[in-house]
Each structure stands twice: as structure tokens, then as C-alpha cells.
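Computed from the coordinates by the stated procedures, all read-outs in this text should not be read as laboratory data. Since the structure is predicted, the reported quantities are computational estimates derived from the model, not experimental observations. In this analysis, Cβ positions are derived from the backbone assuming ideal geometry, glycine residues included, and neighbour counts consider all displayed protein chains.
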Amino acid sequence: MTTMTMVVVLLPLLAIFLYLFMRVTYETVSCYWLTPRRIKKIMETQGVRGPKPRFLVGNILDMASLVANATSKDMDFINHDVVGRLMPHFVTWSKLYGKRFIYWNGTEPRMCLTETELIKELLSKYSTISGKSWLQQQGSKHFIGRGLLMANGEDWYHQRHIVAPAFMGDKLKSYAVYMVECTKQMLQSLQNEVELGRGEFEIGEYMTRLTADIISRTEFDSSYEKGKQIFHLLTVLQHLCAQASRHLCLPGSRFFPSKYNREIKSLKMEVERLLMEIIQSRKDCVEIGRSSSYGNDLLGMLLNEMQKKRSGNGFSLNLQLIMDECKTFFFAGHETTALLLTWTIMLLASNPSWQDKARAEVKQVCGDGAPSVDHLPKLTLLNKIINESLRLYPPASVLPRMAFEDIKLGDLHIPKGLSIWIPVLAIHHSEELWGKDANEFNPDRFSSKTFASGRHFIPFAAGPRNCVGQAFAMMEAKIILAMLVSRFSFTISENYRHAPVVVLTIKPKYGVQISLKPLN
């Protein structure tokens with residue numbers, strides 16, 4: 001081949017390479033610099049300002065320093081004024097910049113919003129054109145993938161409609177049998193240990209195992225033991241993904257062959273290997289004629305849906321998405337309820353008069369038997385106690401939404417690409433909204449219709465994108481608490497150290513130690 005021929009061949013390739021290089025460079029610069037700066041300027045013209053960001057890392061280091069300092073010591077006593085401890089950056093910046101301010105998570109600008117009318121408008125009116133940001137999706141990519149919690153737009157809409165029936169009507173009621181049976185086993189285990197002389201228990205461990213047992217049965221049914229293995233691996237993954245913000249501030253950092261990236265990918269592969277074994281065993285049963293369907297649990301519903309032809313809108317389930325949904329509901333289905341139960345037990349253990357009231361109500365409604373589905377609506381006082389626990393210690397401290405189009409929110413113009421972060425914990429503890437006793441445990445506040453509105457009580461979010469498993473979680477919490485208070489009385493242990501921390505969700509750093517006494 002002559003030199004001239006080589007030049008003729010190589011020039012088009014070189015031109016394509018240069019074009020691709022320039023395009024990637026432009027899109028990178030636009031994503032990490034031009035677009036965020038444009039958003040910042042638009043918000044500044046509307047009077048929304050915030051702390052000055054550093055190059056690439058934004059305000060991540062500032063937030064990390066404030067949180068580390070605030071949580072460096074345990075609290076002196078059981079005090080529910082925890083916003084300054086868990087969200088010191090919010091307290092600091094809201095004092096400086098007001099109810100609306102911009103801060104930066106790496107190169108992603110985020111507007112903190114606490115105005116309840118605007119929050120209600122955002123969650124109800126713009127559910128289809130707002131959702132999870134790319135940065136959030138990357139942070140949970142190896143943890144729960146693109147399941148319902150991280151899906152956006154049309155994908156979210158179709159996924160929601162596929163899984164919603166699993167948490168509604170008779171299907172939801174059928175889970176009560178699993179909940180009662182699993183709780184009986186747990187209570188018997190506690191009884192046996194008390195009879196052997198043990199008096200103190202870290203109740204968070206028991207609640208975590210119990211809710212994992214229940215979601216294992218409702219999600220995987222016969223594959224219950226394998227479900228417990230998956231639960232353990234997902235717990236480890238959760239702690240690793242909680243560090244994600246430190247690894248996503250540099251462009252392309254998720255591709256680095258670091259120890260963090262290798263470990264997280266290895267865990268993800270093991271979780272998906274276990275899930276595939278469960279899925280394959282279901283498929284084998286259908287193929288050899290041992291079963292006519294994939295089952296009635298959540299996994300079976302998803303597999304049955306996958307077998308249907310691709311819908312006219314182009315959406316269809318695949319194995320990866322089914323595994324992501326399983327991981328999502330395994331995490332959301334046990335984690336949030338376990339924490340709700342743990343914090344509620346801590347509150348009842350340190351407020352014995354409310355524990356006595358709850359026990360009396362359960363006795364009146366359920367008698368000496370286990371609670372049934374028909375009993376649950378009549379446990380109104382227990383419902384108020386659960387709500388007050390969710391107000392003081394909501395599982396998620398923040399609720400994020402990114403605008404995928406320009407939107408009008410009250411008097412604000414929200415540009416496409418701006419993330420809006422709703423500080424749920426701060427809203428739930430606001431004296432302006434809840435009164436001077438906002439940091440006190442007072443379930444009676446939910447007796448008033450004033451607080452019946454979802455405008456400033458949003459532990460499960462609100463609007464079309466609210467938690468699809470909300471009714472499941474509330475039913476589970478009522479059954480477990482009703483059975484616990486009817487079997488035991490409990491007080492807070494002297495060894496309990498009040499030290500809430502955030503690891504994706506709000507957790508007791510050292511667990512919750514209580515002293516148990518059987519009632520019979």
C-alpha cells in the first residue's frame with residue numbers, strides 16, 4: 001500500500017476520532033462545568049444562594065467535616081433534638097441563606113427546600129418529570145440497580161404498575177399470616193433466652209432478623225434460607241454504597257480498579273448469582289411441568305410478567321431488572337420497617353406510660369390472641385405511636401428529586417438538571433410546623449386533624465411516587481408491636497447510648513438495648 005493510499009484511508013479515521021474526542025470532551029465539560037454553572041446563575045438571579053463550592057468536590061468535604069464533628073460524641077441523654085447532629089450542614093446553611101439554598105454534591109447542584117406548599121406541589125404535580133439523578137443512580141448502581149426506587153419517567157411508571165398489586169387488597173392481607181408466624185417464633189426465642197437468665201437484649205438485631213424473615217417469605221417464599229444469604233450481602237453492600245459520594249466526585253472514578261470498586265462489584269455478583277439460582281429453579285419447575293406458574297410471591301409475579309409479550313409502549317422486563325426489583329424490595333421491605341420498629345421500641349421503653357396505654361388497647365381489641373387483619377384499623381393509639389416514631393426518626397433523612405424539564409414551582413423557576421433535596425428530618429422537627437414540643441415524644445399530636453395532612457409528615461414520601469410498600473410496612477409494624485407489648489414489658493437499659501447516625505438511613509449507632517420482662 002502506497003503512502004498516499006494510507007493517508008487516504010487514515011484521514012477519515014482520524015477525522016472520526018477527533019470528532020468523537022471533541023464531542024466527549026464537550027459533553028464532559030458541559031456535564032461537569034457548564035450546565036451546573038448555568039443552573040447556579042439562574043438560581044442566583046432568583047435570590048437562591050449557598051456555600052461556595054470547591055472544584056469537582058463541591059461542598060462534600062464541608063458536609064463530611066460538619067457531620068463528623070457533630071457525631072464525634074454520643075448524646076448525653078435520650079434527646080430527640082437530633083437535626084443538628086444528623087444534618088449540621090442544613091442547620092448551618094439555612095441560618096446563613098434561608099429556607100432555600102444551593103449546595104453542591106461534587107458537580108451536582110442541589111437546592112434544599114423546606115416550604116411545605118412547594119414540596120406538596122413538587123411531589124404531586126411533577127412526579128413524571130422529576131426523579132432520581134444520575135449521581136444517585138450511580139451511587140446505588142451495584143446495590144439496588146435500576147429497580148423501582150431508582151427508576152425514572154416511563155420506566156418508573158410501568159415498573160410501579162407491575163409491582164403495585166403485590167402490596168394491595170387480598171394479596172396484602174395474605175402476608176399477615178407470615179408476619180404473625182414469624183413474630184411468634186421471634187417472641188418464643190426471646191422467651192427462651194429470658195428463662196435461661198438473660199435480661200438485656202439488643203432489640204434492633206431481633207427486629208432486623210424478623211423483618212428479613214418476613215420479606216424473605218413474601219418475596220421468595222420457598223427460597224427462604226437463600227433469601228437470608230442475600231439479605232446479609234445486601235447489608236454489607238449498603239454500608240459500602242453509603243460511602244459512594246466520596247468515590248463519585250471525580251469523572252470516571254467508578255471505573256478505577258480500586259479496592260472499593262472491586263469489593264462492591266464482587267458483592268454485587270454474589271447477590272445476583274444467588275438470585276439467578278432462585279430464578280432458574282422457578283423456571284425449571286415450570287419447564288418440566290411441576291408447576292403451571294412461577295409462584296404467587298413477588299418474584300413469581302415478576303417472572304410471570306416477563307413471560308408476557310413486549311407491550312405496545314416498548315417496555316418489558318428482563319432478568320437484570322427482575323434482580324434489581326428483588327434487591328430493591330429486599331432492602332426497602334426489611335430495612336425501613338426494622339428501623340421503624342427499633343426506634344418505636346426505644347421510645348416505648350423510655351416512655352412506660354405510653355407502653356401501658358398501647359398494651360391496654362391491644363388487650364381490648366385483640367383479647368388474648370394474635371392480631372388479625374380486621375383488628376389493625378382498631379389499633380388507633382398504636383397507629384399514633386408509630387406515626388410519632390416516624391416523625392422523630394424517619395428512616396430516610398432526605399427526599400431527593402431532580403427536575404428533568406424546566407418547571408415552575410410556586411414563585412421559582414426550576415431549570416432542568418437541578419436536584420431538589422427535601423430535608424424530611426428537619427421538616428418533621430420544625431417548631432414552626434409542629435409547635436414548641438416538636439422534639440418531644442407526643443403521639444397525641446396525631447389525634448388532631450391539623451396534622452392529618454401529608455404536607456409536612458412525609459416518612460413515605462407523597463404523591464404518585466410515594467412508597468409502594470407503605471401499607472405493607474404499617475401492617476407489619478402494627479402486628480409485631482401488638483404481639484410484643486402483649487407478651488413482654490420492657491424498659492430502656494442503662495447500657496443504651498443514644499447516638500443516631502445516618503448510613504443511608506437513620507440508625508442507632510450502638511443498637512437499642514432493652515430489659516425484657518415476660519408478662520405471664
Can you give the extra length, in nm with one decimal, that the chain gains between GLU270 and ARG38 once fully stretched, where that is 0.36 nm per residue apart less the Cα-Cα distance?
79.3 nm
Among VAL180, GLY106, ILE422, the residue whose Cα sits farthest towards the positive end of the charge dipole of the chain (+1 at Cβ of Lys and Arg, -1 at Cβ of Asp and Glu, taken about the Cα centre) is GLY106
Would you mind pulling out the separation of the Cα centroids of segment 172-222 and segment 98-144, in Å?
36
Taking r as the C-beta separation of LEU196 and VAL236 and R0 as 30 Å, the FRET efficiency to the nearest 0.05 is 0.45
Round to the nearest 0.05 the FRET efficiency obtained for GLU440 and LYS378 when R0 = 30 Å and r is the Cβ-Cβ distance.
0.65
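Calculate, in whole percent, how much of the Cα-Cα pair population of the chain lies beyond 42 Å.
Details: 31059 of 134940 pairs.
Cα-Cα pairs in the chain separated by more than 42 Å: 23 percent.
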Computed over segment 275-389: relative contact order in percent, which uses C-alpha pairs under 8 Å that are six or more apart:
16
With +1 on the Cβ of every Lys and Arg and -1 on the Cβ of every Asp and Glu, and nothing else charged, how large is the dipole of segment 410-520 about its Cα centre, in debye rounded to the nearest 20?
340
In deg cm²/dmol, rounded to 500, what helix-only [θ] at 222 nm does the chain give when every DSSP H run of at least 4 residues adds -39500 (n - 2.57) and the total is split over its residues?
-17500 deg cm²/dmol
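Highest mean first, how do 277-283, 116-122, 333-339 rank when packing is the count of other Cβ atoms within 10 Å averaged over residues? Display every interim value, and only then the final one.
Numbers: 277-283: 16.0, 116-122: 18.6, 333-339: 24.7.
So the order, starting with the most tightly packed, is 333-339, 116-122, 277-283.
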Which Cα, out of ILE480, HIS456, TYR294, lies furthest along the positive dipole direction of the chain (beta carbon charges, K/R +1, D/E -1)?
HIS456
Label SER124 and ASP411 with points 7 Å out from Cα along Cα→Cβ: what is the distance between them in nm?
2.1
For the chain, take the longest principal axis of its alpha carbons; what is the angle in degrees between that and the long axis of helix 298-307, to the nearest 10 within 0 to 90?
40
Please give the contour-minus-distance gain from TYR510 to LYS363: 0.36 nm per residue of separation, less the Cα-Cα distance, rounded to one decimal in nm.
49.7 nm
If LEU348, LEU234, LEU96, LEU274 are placed from fewest to most neighbouring beta carbons inside 10 Å, the sequence is LEU96, LEU274, LEU234, LEU348
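Work out how much length SER189 to THR92 would gain on full extension: take 0.36 nm times their residue separation and subtract the Cα-Cα distance, in nm to one decimal. Before the final figure, lay out the partial values.
On the way: separation 97, 0.36 × 97 = 34.92 nm, distance 4.61 nm.
The span from SER189 to THR92 would gain 30.3 nm if fully extended.
Among PHE404, PHE460, which comes first, then next, by fewest other beta-carbon atoms within 10 Å?
Numbers: PHE404 16, PHE460 20.
Ranked by crowding around the Cβ, least crowded first: PHE404, PHE460.
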With r as the distance between the Cβ atoms of LEU18 and GLU205 and R0 = 45 Å, compute the FRET efficiency 1/(1 + (r/R0)^6) and round to 0.05.
0.15
Highest mean first, how do 410-423, 38-51, 100-113 rank when packing is the count of other Cβ atoms within 10 Å averaged over residues?
100-113, 410-423, 38-51
Computed label-point distance, nm, for sites ASN495 and MET168 using a 7 Å Cα→Cβ extension
4.7
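Expressed as a rounded percentage, what relative contact order does segment 363-439 have, with Cα pairs under 8 Å and six or more residues apart?
On the way: 70 pairs, mean separation 18.4, N = 77.
Contact order relative to length: 24 percent.
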